[in-house]
Structures are given as structure tokens and as C-alpha cells.
Amino acid sequence: MSLEIVRQLTPEEEELAARREELARLEAELADRELALASLKAELAAFEGHYLRCVGILYAELDEWNARFAELRAEQAGTSEARTAATAARSQSEESYSAAHSEAAEVQPFTPSPVLKGLYREAAKRVHPDTATDERDRARRERLMKEVNAAYAAGDQDALRRILADLENSPDTVQGSGVGADLVRVLRQLRQVRNRIAAIEVEIAKMSETDIAKLKAKADQAEREGRDLLADMATTVRGRVDAAKHKFKSKEVENRGK
């Protein structure tokens, strides 16, 4: 009669197993939070681009007519106050023009598919820098995480698949060491992951309080109510542009008559 001998886990091994389970749960949570942060960044960038193309360019035109009027008035008045006002108006016009024609204005709408989100989540779990075991590993993961974020923002599913395939075949995925060292490593990873999750929550909260995020929230609410907030804003600003243009033309005619 043979007896099956089952080796009992040591307390240290049991602790390691429990911590690894906890780490796996937190890594999944971290991937979800990174996805939320990356999505928020991409959505705000896309909304800002839409705003600049729809409304920002009109504000730039409005500021240009205001600058022309201020310069015309300064030429007529000849006072230091008028010249200062004209300089400030021209500076505002140049700033508005730069913003309306910047790279931010070229960002297109961002609508990630479920497949893209799933690929990002899996890649983030696999390469996140805060699960690194040493500084060399962290540097490698930071480089890969930048590639993952760039691919997600670009909506490039193939790039994310390539990154995952490269990770699967990487010799760095082969691991093995003593229980004690593994436990220390896992505990450090847990601390790093918890810290990163907390940092993401702070970053998301700050981003949600920015002017562009608040405007997007209003635009989203308006859309649910069947309104287009940016189109309404554009109509209002276009009216101001027409008024500023008329004001300048009238001033120009007035100056010619003197």
C-alpha cells in the first residue's frame, strides 16, 4: 500500500501565495485605472481639438479684429495708453491664432473600440513600470509603457498586438528565485502598484477640474439634451466677430474723413 505524501507549505510560502493573489488583483485594478486615465487624456485632447476648430478659430478672428481696431485707435489718439492697449490686443490676437492653429487643433475624435480597450488593459498589466523588479526592468517597462500609450492614443490595435507578442517571446518573462527573495519582491511590487493607483486617482481628479474638462462635461450634458453646445458657442462668437469687424470698418471710414 502506497501513501501519497503531500508537502505542507511553509508559512513563508503561504504568505507569498497570498501576496501574489493580492498583487494579481491590484495589477488588474491598475490596468483599469491606467485605461481610464489614458482614455480621459485622449478624449480631452480630441474635444480640445474639436473646440479649437469650431470655436477657437472664431475667437482668433475676433481677437484679430479687436487688435486692428485698437491699433487704428492708437494711431489716431497717439497716446501711450492707446499704444499700450494696442500692443496688448495684438499680443492676445497672436496667442489666439497660435492656439487655434496648433497641433492640438489637429487631434481627431477619439472613440476606442472594446477590442482596443482590451488590448490596452492586457498590455498595461504586462508592462507597467510599477511591477518592475529592479531599475533595469523599470527602464525597459517605462519605454514599453510609452509605446503602449502612444498606440492606444493612435487607435493602433496592431501595434498593441505586436507589443504583446514580443512580451510573450521575451526571455525576461522567464523567472525563478528563492521564496524569501520572491516575497520581498512581491511586497515591493504591491507598494509600488498601490502608490501608482493613488497617483492616478489624483491625476484624474486634477484633469477633471481643468477648464477643458468642465467644458466637455457641459457639452456632453447638452448632447444628452439634444443640443450642440459648441455649435451654439460658435454662433455667438460669429456674431461678435461680425460686430467687431463692423466696428473696425466704421472707425476706418471715420479716420479717412478727418
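The values are calculated or read from the model by the stated rules, or taken from the named source; none is laboratory data. This one's a predicted model, so the numbers in the text were calculated from it and none came from an experiment. Counting neighbours? That spans all protein chains shown, and the Cβs are built from the backbone with ideal geometry, glycine included. Quick note on the areas: whole protein, heavy atoms, side chains included, nothing else; ligands and nucleic acids left out. Shrake-Rupley method; radii C 1.70, N 1.55, O 1.52, S 1.80 Å.
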Residue check for L44: among the hydrophobic types (A, V, I, L, M, F, W, C) and not in a helix (DSSP H, G or I): no
Meets criteria (open to solvent by less than 20 Å² (accessible area, probe 1.4 Å), within 30 Å of D166 (Cα to Cα), modelled with pLDDT of 90 or more and part of a helix (DSSP H, G or I)) for A36: no
Hits in the stretch 118-146 - residues which are under 30 Å from L52 (Cβ atoms) and touching a helix residue (DSSP H, G or I) at 6+ places or on another chain (Cβ under 6 Å): L119, Y120, A124, M145
Which numbered condition T87 misses (of (1) outside any loop (DSSP other than H, G, I, E, B); (2) open to solvent by 70 Å² or more (accessible area, probe 1.4 Å); (3) under 30 Å from I200 (Cα atoms)): (3)
Test result for E29, open to solvent by 60 Å² or more (accessible area, probe 1.4 Å), under 29 Å from E252 (Cβ atoms) and in a helix (DSSP H, G or I): no
